[in-house]
Amino acid sequence: MSVVKINVLTVPAEQRETLEKRFASRAGAVENSDGFEWFELLRPVEGTDDYLVYTRWRDEESFQAWVEGPMKAAHQGGGERPKPASSSSSVWSFEVVQQAAPAGS
């Protein structure tokens, strides 16, 4: 079954728009990666400043290949990089052991 990676980004209120714009302009950075299955950027509604960046992958190897290839290259770009929008980050890892879809889909 698939693996899920959730990057937890603590984003101060004044940086939320910046973070969302950066993700909107990422121009398919992950969608064409082998083994990639799904992406969602989840905005907090209440009680936290933590955004969740949800990705699902065919297997751990596919995720690691993306981390060591396209993601690493994107984060090592030359020149000055903009200040991060988040004040902290951590990655949670899960294996999908059960799943369901709406009936008839």
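The values are calculated or read from the model by the stated rules, or taken from the named source; none is laboratory data. Computed from a prediction, not measured in an experiment: that's the story for all the values here. All Cβ positions, even for glycine, are placed from backbone atoms using ideal geometry, and neighbour counts span all protein chains on display. Side chains are part of the model used for accessible areas, which takes the heavy atoms of the whole protein and leaves out ligands, DNA and RNA. Shrake-Rupley method; radii C 1.70, N 1.55, O 1.52, S 1.80 Å.
Key figures for this structure:
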quantity: Residue list for region 41-59, filter: of a type in the set (A, V, I, L, M, F, W, C) and assigned to a loop (DSSP other than H, G, I, E, B); calculated: V45
quantity: Members of region 1-30 that are assigned to a loop (DSSP other than H, G, I, E, B) and touching a Phe, Trp or Tyr at 6+ places or on another chain (Cβ under 7 Å); calculated: S2, V11, V30
quantity: When residues of region 5-33 are limited to those that are more than 13 Å from P84 (Cα to Cα) and modelled with pLDDT of 95 or more, the one most open to solvent (accessible area, probe 1.4 Å); calculated: N7
